[in-house]
1. Angle, helix A:59-76 long axis vs. longest principal axis of chain A, Cα atoms, 0 to 90°, nearest 10?
2. If packing is taken as the mean number of other Cβ atoms within 10 Å per residue, what is the order of A:516-522, A:50-56, highest first?
3. With angles folded into 0 to 90 degrees, how steeply does helix A:139-157 sit against the dominant principal axis of chain A? Use alpha carbons for both and round to 10.
4. Any idea what diffusion coefficient the range B:1-126 gets from Stokes-Einstein, in µm²/s, Kirkwood Rh on alpha carbon pairs, 4 °C, 1.567 mPa s?
5. Given the convex hull over the Cα atoms of the protein assembly as shown, what projected area results after averaging over all orientations, in nm²?
6. Counting only other chains, what is the mean number of Cβ atoms within 10 angstrom of the Cβ of each residue in peptide B:64-76?
7. Taking neighbour counts of Cβ atoms within 10 Å as a proxy for exposure, in what order, fewest first, do B:Ile258, A:Ile101 appear?
8. Arranged from highest to lowest average of other beta-carbon atoms within 10 Å per residue, in what order do the peptides A:331-339, A:305-313, B:268-276, A:108-116 appear?
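Every number in this text was worked out from the coordinates using simple rules, so none of it is lab data. Computed from a prediction, not measured in an experiment: that's the story for all the values here. For neighbour counting, all protein chains shown are included, and Cβ atoms are generated from backbone atoms with ideal geometry for every residue, glycine included.
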Amino acid sequence: MEIILLIAVFGLASWRLRPRHGSIDPASIVGPVASSPTTEWGVVVPLARAETRRVLLHPAFIVGVLLTPLMLVAATSDPESWRAVSGGVALGLVPLGWMTIIASNLVALRPSRSGTEELLAALPAPQSTRTGAMLATVVGPTVISAVFAVAALVLVGRGTTVLSGSIEPLETLAGILIVAGAVTVGVAVARWLPGGGWGIASVFVVIFLQARFLDVTTWPWNRSQGDPMRFIGFLAEGTNSGANFLEFRPAAWHLVYLAALSVLMGGLALARDGLRRNVRILIGGALAITLVAGWIQTRPMSEAQVAARVSFLLDPDEHQVCQQVDDVTYCAYQDFLVDVPDWIDRVGATLAALPTEARDSRPPLEVRQRPAIVISDSDCSPEGYLTTLTSAIASRIAVDDLWPADGDVHPPFGSDHFPCSSRDAFGFFLAVQTGAWAVGLPPAPHGANVRCVASGQARSAIALWAAAVASPDGERTLRDVTNDGSQGFPLITFADWDSPPTWGVDYAVADAGLAVDMLGLAPGDVRDVLADNWDRWTDPATTTKMLASEFGLTAPASATQMPSRTDCA
Amino acid sequence: MTTTTATVDLRQVIKTYGSTRALQGVSLQLGTGVTGLLGPNGAGKTTLLRIVATVLAADSGEVRVLGEDPTESEGRLSIRRRLGYFPQEPGYYASLSAFDFVDYLAVLKEMTDRRVRHDEVRRVLSEVGLADVAHKRIKALSGGMKRRVIVAQALLGDPDLLVLDEPAAGLDPEQRLRFRETVSAIAERHTVLLSTHMTEDVAALCQHVVVMNGGQVLSEGTPDALVETARGRVWVSDKPDPAAQVSWRTGSGQHRLIGDPPSGSELAEPAMEDAYLLLVGKAANAEPVSPSPSRWRRQ
């Protein structure tokens, strides 16, 4: 299908962009004149100025400029960290790169499209000079993309969201270099494949190469996020698996790689007019740097690098910063300390919604950050966290060491949210973990994503109710979580997912329904009733029917066809 | 290589396109002044001009333009620096203004000083009468104005050799008059090689005429000498004569006949057009052409 689409687009573009005027066959033109530095450089600068205006005013480039703000907004929405924003800005510049390929290609092809080739062939400045000037137009789109990048970073910085980490200029520079490289691609294609359709086809080729061969989870190689071979893509995603300390992509070398690739394309464009010595040196040098930078990027991690990253994951005490608030200990990695105030708010509010007996009957609460066992991949599908790590790290990690059944509350890296949604859940998922801890249910999954089922247990409804009470817009969030993907299934699931990945319990949809009903009661009244007999309500043997009866609510229907999973003790 | 002082010196130049011989051993020596190149479509005029303009390479023969050999890159560069060229189908960047387009070409003519270049662009646009519309987009100009833009670019830098391939096509009478004046002024100092179908332009402008057909030079000399070749062979009659080499009905209702005298006709004063038609004759519509021997060649 993609190939048919590609052929159709190319055919249409070729027809639409065919040369309009009769012109001399370019092959019959005598050839470039002798080059002399004084001739060429003297002409290249004013010519580049003129050609830059043409590229910047080309309709394709203008379309790219108009699209870019939208793309930047989309790529930086719901930011969690400056690293994500920095990379998002680069991603947002990619469509400008596509349109730049088309614009520079068509501007470079203008002589043949307008029938002025013969006229230009009789002028002293040869095509190599015009090619050089076209390549020098790289300055214009590069400056425009840099302005966009800076503006996006400033605007995000002025937003209300507090982001972890700091701006990572090397990540953003990749997007700017991609726009710069787009000029050289457009010119090189114009010189070697002189037809307007080829410029558009080259955009598809670039997209195809990136999406099909150099991205994660795509045919044919299904590369993991930790596979360094991905770094030879143009816009290579990081390997941080949600945390900067896990990143091992050499960002500076990736920029060198992109820059060298761009120069290589420029050299190929110049080679069309003869392989002169300086062009040979340019191509040879750029090719060598491209290969070296590509090779360095794809080197596996050293033993020390692997050990450091394993230590980060398995020895959180060594790397996390902890603080105690109201007898609760909060521990987070350095990059995520900005999230701790939100944790304190949500955990505190959840505990406040419950009777004081909830704390008194439990060991001290520890809220310690650790990765979720299941995360969302680039296609918004669930992916085991270990598979996102490079194999050198993953092979040294036992699931029970990374995710022990310790009974603590475990916020993941970044905020917990609906898969592929920018909707803010206001910490509801962390609140559910806290509620589960309070009622004696396992807050988080452990080991190889081990959870238990608490269907029909009164305490499960209490945990969900407390979380909804403690979270802004909690009732809507609880309803949405309940309805997201269950569709007749007795347990809460996300669409095309398993249960919300940071919960240690598979909650029943019917019990969540009771929790929603309880939200219609005064929270203080509920708390008082629960306080009167806290041990009873948190006893696994106490059912949701009893709880409903206590509050005069409709008892949830007993779940039928419950999957055979371990009940929560 | 034979040394020569001619601006354009062609010796036994041959050019073929596949199985078609566009030029069949053309030899010409052209100096200062305007040389008109006459010939029917397919005569080889444009191929000849392209070779002179260094846009096309000859297959064989010797070519020297402005004393340089265009087969060598240094020579080609030197020629292009001193050349003004108006191709048969020039093409435009329609979205640019006349000024910007000529300015763009001026940069390619190595005029790198912005102020000097802009002065020169204004000069050539003024010379072709486009000063008032210099900042209009080319696509908004009339067909004649567009051609004058190309004439203007050919005049950039006051070139030593001006090669013009049917530049006056599409110009109105007033523009043609002005064009003739411009070319004449340039020809006082430099060499102009002009291809045209318009014999009146040749008569008015050229000091030298070359008639081509079938890739060969049929004849060359002064316009007067060409006209003289038709003296005694142009007739006016009230009725057509099928035996005439060429005949047509004039606006007065009489028939102008070229060839042997038909009965009842009167001898007429020959014009450039008569001589040209007599020379090319019916061969203009026939391929391949068997050129008739020149009877008026003057070197």
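1. Helix A:59-76 and the main axis of chain A meet at about 20 degrees.
2. Top of the packing list down: A:50-56, A:516-522.
3. It works out to around 20 degrees.
4. 79 µm²/s
5. Taking a quarter of the hull surface, the average projection is 48.7 nm².
6. Whole-number average of other-chain Cβ neighbours for B:64-76 is 2.
7. B:Ile258, A:Ile101
8. A:108-116, B:268-276, A:331-339, A:305-313
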